[in-house]
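Notes for the one structure printed next.
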Amino acid sequence: MTDFSFEDVPTEMVATVRRTVPMAELKGFFATAFGQVADAVTAAGGRVAMPPFGWYHGEPSDTVDVSAGFRVEGDVHTPDGGIIVHERRGGRSVVGIHVGSYEDMEKSYVDLETWMSLHSVESRGDMWEEYLSPPEGDPSTWQTRIVMPVD
């Protein structure tokens with residue numbers, strides 16, 4: 001079971017690439033997008049700050065509207081190649097750490113929905129996952145921070 005709590009998450013400058021992607025192609029999208037964003041930010045004079053994240057806009061179905069990227073540091077000018085530097089609004093959020101493989105995250109999302117219902121809060125319509133562990137080694141040890149801003 002994933003434990004959740006309320007946190008006040010700060011607004012952050014992020015660099016992202018956004019696409020609508022079939023769920024089955026999400027892993028490949030992230031693999032390509034993270035490299036594109038990191039290269040573009042560096043070329044534009046900035047630095048990426050770990051961890052990488054997937055920022056989901058709306059409810060996923062067979063496809064998902066998703067941005068992949070990093071927080072940015074330094075004086076980053078808008079890079080080329082479809083990369084956008086902008087603010088990701090923070091605020092009151094429900095936050096938890098999923099431990100395990102990405103394929104096992106569905107259970108954490110069931111836990112999240114239950115927790116939010118018990119606390120009578122609703123999503124503001126977006127959320128993100130911060131990939132705290134690289135996808136290598138034993139998947140049962142991978143950590144993903146789930147952030148669900150709420151109204």
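The values are calculated or read from the model by the stated rules, or taken from the named source; none is laboratory data. Everything numeric in this text was worked out from a predicted model, so none of it was measured. As a convention, Cβ positions derive from the backbone with ideal geometry for all residues, glycine included, and neighbour counts pool all protein chains shown. Areas reflect the complete protein model, heavy atoms only, side chains present, ligands, DNA and RNA absent. Shrake-Rupley method; radii C 1.70, N 1.55, O 1.52, S 1.80 Å.
Listed here are the residues, each with its yes/no results for (1) in contact with a strand residue (DSSP E or B) (Cβ under 7 Å, 6 or more places away or on another chain); (2) charged (D, E, K, R).
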{"position": "GLY28", "(1), (2)": "no, no"}
{"position": "ALA33", "(1), (2)": "yes, no"}
{"position": "VAL37", "(1), (2)": "yes, no"}
{"position": "THR42", "(1), (2)": "no, no"}
{"position": "VAL48", "(1), (2)": "yes, no"}
{"position": "VAL72", "(1), (2)": "yes, no"}
{"position": "GLY90", "(1), (2)": "yes, no"}
{"position": "ASP138", "(1), (2)": "no, yes"}
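Every residue in segment 18-48 that is of a type in the set (A, V, I, L, M, F, W, C), touching a helix residue (DSSP H, G or I) at 6+ places or on another chain (Cβ under 8 Å) and either in contact (Cβ under 8 Å) with a residue 60 or more places away in the chain or closer than 14 Å to PRO60 by Cβ (or both), please.
Answer for segment 18-48, where residues must be of a type in the set (A, V, I, L, M, F, W, C), touching a helix residue (DSSP H, G or I) at 6+ places or on another chain (Cβ under 8 Å) and either in contact (Cβ under 8 Å) with a residue 60 or more places away in the chain or closer than 14 Å to PRO60 by Cβ (or both): just VAL21.
Table: residues versus (1) touching a His at 6+ places or on another chain (Cβ under 6 Å); (2) in contact (Cβ under 8 Å) with a residue 40 or more places away in the chain; (3) open to solvent by less than 10 Å² (accessible area, probe 1.4 Å).
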{"residue": "GLU59", "(1), (2), (3)": "no, no, no"}
{"residue": "VAL64", "(1), (2), (3)": "no, yes, yes"}
{"residue": "ASP75", "(1), (2), (3)": "no, no, no"}
{"residue": "ILE83", "(1), (2), (3)": "no, yes, yes"}
{"residue": "ARG88", "(1), (2), (3)": "no, yes, yes"}
{"residue": "GLY91", "(1), (2), (3)": "no, yes, no"}
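I'm trying to understand the selection: among the residues of segment 102-118, which are surrounded by 13 or more Cβ atoms within 10 Å (Cβ to Cβ) and not aromatic (Phe, Trp, Tyr)?
Within segment 102-118, ASP104, MET105, SER108, ASP111, LEU112, MET116 meet the criteria.
Does TYR131 count as at pLDDT 95 or above, within 19 Å of VAL9 (Cβ to Cβ) and in contact with a Pro (Cβ under 7 Å, 6 or more places away or on another chain)?
Considered against the rule, which asks whether it is at pLDDT 95 or above, within 19 Å of VAL9 (Cβ to Cβ) and in contact with a Pro (Cβ under 7 Å, 6 or more places away or on another chain), TYR131 comes out as yes.
From the list MET1, MET13, which one is assigned to a strand (DSSP E or B) and open to solvent by 40 Å² or more (accessible area, probe 1.4 Å)? So that I can check it myself, show each step before the final result.
Details: MET1 fails: assigned to a strand (DSSP E or B).
After ruling out the rest, the residue left standing is MET13.
What residue, among those in segment 27-46 that are out of contact with any Phe, Trp or Tyr (no Cβ under 9 Å at 6 or more places or on another chain) and aliphatic (A, V, I, L, M), is least open to solvent (accessible area, probe 1.4 Å)?
The selected residue is ALA33.
Please verify whether THR20 is open to solvent by 50 Å² or more (accessible area, probe 1.4 Å) and either farther than 16 Å from MET127 by Cα or at pLDDT below 95 (or both), treating the condition exactly as stated.
No; evaluated as a whole, the condition is false for this residue.
Take segment 97-151 and flag every residue that is over 18 Å from SER61 (Cα atoms) and of a type in the set (Val, Ile, Thr).
ILE97, VAL99, THR114, VAL121, THR141, THR144, ILE146, VAL147, VAL150
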